[in-house]
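Working notes, structure below.
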Amino acid sequence: MPSYAFFHNQFVPLSEARIGVMTQALHYGTGVFEGIRGNWNSEQKQTYLFRLEEHYDRLLNGCRLLKISLPYTTSELCQLTIELVARCKFQEDIYVRPLAYKSTESLGVRLHGLDDDFLAFVIPWGPYLDVDKAKVGVSSWRRPDDNVIPPQVKLTGLYVNNALAKTEAIENGYDEAIMLTPDGHVSEGTGENIFLVTGGRLVTPASYNNILMGITRDTVIKLAQNELGIEVIERQVDRSELYTAEECFFTGTAAHITPVAEIDHRKIGNGEIGKITGSLQEIYSRVIRGKHPKYLDWGTPAYKK
């Protein structure tokens, strides 16, 4: 089934959405993107867009950082996305990629004096980490500090850092990488936040550990506290704690909740999916597909009944 894009202020077939080779964002990474999941509910014949407003609030924060001025509010971006997804009519899990970027076709490193534009497209996309449980390695590549490239928004240029770590991990026989902060503490995966289960509590790196403040991360914190009654601690995490954790898992819009079975050739727990991880996976799966009555406001239906 062909897909569509919102491009140059109109809906067009995805195959027709093209930018010029001199586009400034292509050369200097001057763009801000988001990843938004649409989760298919086969019983209801409905796609639910997960925490749509929060994703666009974060995109607009990134735009302020890069001096990108868009003529859309969060509400208008949400409505554009709903219409775009409805046009595509996919009956499977999808991924929406919005991008705000410097669109002037000229060279030169700067943020000022350039035109800005916005696009979004939809593709079918299954599991990002296509494994039941991941084997992970700590990367030699470290996360940049906030005053190098701010990690709290999804800046396109920043993701060269993630790409270096991801390819290193794959070439070393792992499924994913864990990156450390400049001072050697645990930060995050290449496209995911990370949680440990230690002493029956959830532990995750804090905002000052050069992490993206993930929306799935926030979801898991709330579900752990509200549904399982588990304490969640946000703090600095030492590398050695990875190896002694009872359980470990990644969270992310693309990755959902992905258990980690092994880090640097050391089993986590018994190397299987832990009890708390499994419980969170089950609850989260119902929430994102509009099957949990307490969290229906987190899912935006894309298809009119």
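Ranking Leu60, Cys88, Ser103 by Cα position along the charge dipole of the range 54-107, where only Lys, Arg, Asp and Glu carry charges on their C-beta atoms, puts Ser103 farthest toward the positive end. In percent, rounded to a whole number, the relative contact order of the range 43-148 is 25, using alpha-carbon pairs under 8 Å and six or more apart. Across the range 211-220, rounded Karplus estimates of 3J(HN,Hα) from the backbone phi angles (6.51 cos²θ - 1.76 cosθ + 1.60, θ = phi - 60°) give 9, 6, 7, x, 6, 5, 4, 4, 4, 5 Hz, Gly and Pro being marked x. With the convex hull of the Cα atoms taken as the outline of the range 1-109, the averaged projected area works out to 7.2 nm². Less than 5 angstrom separates the built amide H of Val138 from those of Ile178, Asp264, all sequence-distant by 5 or more or on a different chain. The value of relative contact order for the chain, using C-alpha pairs under 8 Å at least six residues apart, is 20 percent.
Across Ser187, Ser139, Ser42, mean-square fluctuation computed from a Gaussian network of the chain (C-alpha pairs under 10 Å connected) peaks at Ser42. Taken as Cα centroids, the range 73-108 and the range 267-300 sit 27 Å apart, rounded to the nearest whole angstrom. Remark on the range 253-305: ratio of C-alpha radius of gyration to 2.2 N^0.38 Å is 1.52. Karplus-derived 3J(HN,Hα) values for the range 148-153, using 6.51 cos²θ - 1.76 cosθ + 1.60 with θ = phi - 60°, are 9, 9, x, x, 7, 10 Hz; glycine and proline are entered as x. For Gln46, nonlocal amide neighbours, meaning residues 5 or more places apart or on other chains whose placed amide H falls under 5 Å from its own, are Asn41.
Using a probe of 1.4 Å, the accessible surface attributed to Thr198 totals some 50 Å² when neighbouring protein chains are kept in position. Across Val85, Val122, Val131, mean-square fluctuation computed from a Gaussian network of the chain (C-alpha pairs under 10 Å connected) peaks at Val131. Residue separation of Ile123 and Ala86 scaled by 0.36 nm, minus their Cα-Cα distance, works out to 12.1 nm of gained length. A DSSP coil position with no more than 11 other Cβ atoms inside 10 Å describes the following GluC sites (Glu not before Pro) in the range 14-107: Glu43. When the scattering of the range 182-289 is computed by the Debye formula from its Cα atoms alone, each counted once and equally, what is log10 I(q)/I(0) at q = 0.17, 0.19 Å⁻¹? Calculated log10 I(q)/I(0) at the listed q: -0.73, -0.93. About its Cα centre, the dipole of the range 207-305 is roughly 620 debye, where the only charges are +1 on Lys and Arg Cβ and -1 on Asp and Glu Cβ.
Here the Karplus curve 6.51 cos²θ - 1.76 cosθ + 1.60, taken at θ = phi - 60°, turns the phi angles of the range 287-301 into couplings of 4, 6, 9, x, 10, 10, x, 6, 10, 5, 6, 7, x, 9, x Hz, with x standing for Gly and Pro. Any idea which of Asn193, Ile215, Val287 is furthest toward the positive side of the dipole for the range 190-305, if Lys and Arg beta-carbons carry +1 and Asp and Glu beta-carbons -1? Result: Val287. At 0.692 mPa s and 37 °C, plugging the Kirkwood radius over alpha-carbon pairs of the chain into Stokes-Einstein gives what diffusion coefficient in µm²/s? Estimated via Stokes-Einstein, D reaches 163 µm²/s.
Based on DSSP H segments of at least four residues, each scored -39500 (n - 2.57), the chain has a per-residue ellipticity at 222 nm of -8000 deg cm²/dmol.
Using a 1.4 angstrom probe with every protein chain in place, what is the largest-first accessible-area order of Lys102, Lys267, Lys133?
Numbers: Lys102 5, Lys267 135, Lys133 70 Å².
Sorted by accessible area, descending: Lys267, Lys133, Lys102.
Between the residues Ile268, Ala254, Gln236, the greatest Cα displacement towards the positive end of the dipole of the range 217-273, with unit charges on the Cβ of Lys, Arg, Asp and Glu, is found for Ala254. Ordered from largest to smallest accessible area (heavy atoms of protein chains, 1.4 Å probe), the residues Ile149, Ile288, Ile170 come out as Ile170, Ile149, Ile288. Note on the chain: GNM, Cα springs under 10 Å; of Gly274, Gly214, Gly20, the largest mean-square fluctuation is that of Gly20. The H on the amide N of Glu188, modeled in the peptide plane, is under 5 Å from the matching H of Met179, each at least 5 residues off or on a different chain.
The accessible-area ordering, largest first, of the residues His55, His265, His8 stands as His265, His8, His55, per a 1.4 angstrom probe. Between the beta carbons of Gln236 and Glu16, assuming R0 = 51 Å, the FRET efficiency works out to 0.60 to the nearest 0.05.
Rounded to the nearest 20 debye, the dipole magnitude of the range 12-106 is 200 debye, with +1 charges on Lys and Arg beta carbons, -1 on Asp and Glu beta carbons, and the Cα centre as origin.
The values are calculated or read from the model by the stated rules, or taken from the named source; none is laboratory data. The structure displayed is predicted, hence computed values, not measured ones. All Cβ positions, glycine included, derive from the backbone under ideal geometry; neighbour counts span all protein chains shown. All accessible areas refer to the heavy atoms of the entire protein, side chains included, with ligands and DNA or RNA removed. Shrake-Rupley method; radii C 1.70, N 1.55, O 1.52, S 1.80 Å.
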